[in-house]
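Take a look at the structure below.
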Amino acid sequence: MPFGEQPAYLRVASDLRKKIADGSLPPHARLPSQARIREEYGVSDTVALEARKVLMAEGLVEGRSGSGTYVRELPAARRVSRTGYRSLGECTPFRQEQSDERVRGTWESHSEQEDASADIAERLFIERGDRVMRTRYVFHADGAPVMLSTSWEPLAVTGRTPVMLPEEGPLGGRGVVERMAAIDLVVDNVAEEVGSRPGRAEEMTALGGVPGHAVLVIARTYFAGKRPVETADVVVPADRFKLAYHLPVK
């Protein structure tokens with residue numbers, strides 16, 4: 001194959017993608033059948049099938065049982081604002097993850113103790129098997145699920161204190177910064193790593209998406225000095241959201 005020449009199925013997928021982008025194939029329109037693609041582009045059934053698979057993997061089309069393949073209506077990407085960490089005040093788990101004050105949201109959560117996995121132990125500077133409090137969140141904005149978060153806090157830090165359960169007690173439902181301040185730990189820095197991967201079935205079920213479509217994963221750790229006091233994985237659908245960072249210059 002000459003350098004730079006695309007395989008036939010990618011050329012077909014590219015042309016169909018352009019038609020979706022320019023509105024020639026609008027949302028909810030039925031994608032040309034495999035036979036139609038074969039005839040229009042002069043390709044084999046295999047090429048036509050692979051082109052359709054590419055568009056489906058990209059999340060541009062979706063199959064409907066017994067009906068065919070249709071163009072998906074893609075929502076405009078919403079912004080998830082990140083500002084590092086928040087000072088004391090009206091801080092909640094939703095504000096902690098979405099710092100844009102214009103966005104109002106609610107959340108559901110469930111906490112339970114577990115043994116730290118090797119990965120979580122490394123992030124919290126503890127030993128594998130040490131006890132941690134794991135809390136799973138589902139965040140909603142405008143009545144729709146927008147992000148998931150799973151956090152882990154070392155019980156060596158919060159155990160037998162009023163803030164052991166993030167969503168219960170006198171500071172239940174407050175953010176990490178305020179809760180840690182209540183036990184004399186000053187959160188003064190945060191580290192985030194952003195990556196992407198296919199969404200897991202249980203994640204996409206909770207978020208109302210399609211399993212396998214890409215999600216953004218923010219691995220975040222709060223520190224009091226050099227001591228990690230909480231680490232979390234925040235998951236948002238990549239086709240619906242973009243991350244916006246506002247960081248101070250020092």
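The values are calculated or read from the model by the stated rules, or taken from the named source; none is laboratory data. These numbers come from a predicted model, not from an experiment. Heads up, the Cβs are rebuilt from the backbone with ideal geometry, glycines too, and the neighbour counts pull from every protein chain shown. The protein model used for the area step is the full one, side chains on, heavy atoms only, and it has no ligands, DNA or RNA in it. Shrake-Rupley method; radii C 1.70, N 1.55, O 1.52, S 1.80 Å.
Computed values, structure above
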| quantity | calculated |
| --- | --- |
| The chain pair-distance distribution - Cα-Cα, 5 Å bins, rounded % | 1, 6, 11, 14, 15, 12, 10, 7, 7, 7, 6, 3, 1, 0, 0 |
| Radius of gyration, Dmax [the stretch 111-161; alpha carbons; angstrom] | 13.2, 40 |
| Potential lengthening between residue 196 and residue 111 on full extension [0.36 nm per residue; Cα-Cα distance subtracted] | 28.0 nm |
| Cβ-Cβ FRET estimate between residue 24 and residue 78, R0 fixed at 25 Å, reported to 0.05 | 0.40 |
| Listed residue (228, 185, 211) projecting farthest to the positive dipole end of the chain, Cβ model | 211 |
| Size of charge dipole - the stretch 117-193 - debye, nearest 20, with Cβ of Lys, Arg +1 and Asp, Glu -1, no other charges | 280 debye |
| Most to least packed among 217-226, 110-119 [average Cβ atoms within 10 Å] | 217-226, 110-119 |
| Top of 195, 173, 66 by mean-square fluctuation, Gaussian network on the chain, Cα under 10 Å | 66 |
| Alpha-carbon radius of gyration plus Dmax, which is the widest Cα pair, for the stretch 192-250 in Å | 13.9, 42 |
| Of all accessible heavy-atom area on the stretch 116-250, the percent that carbon and sulfur account for (1.4 Å) | 54 percent |
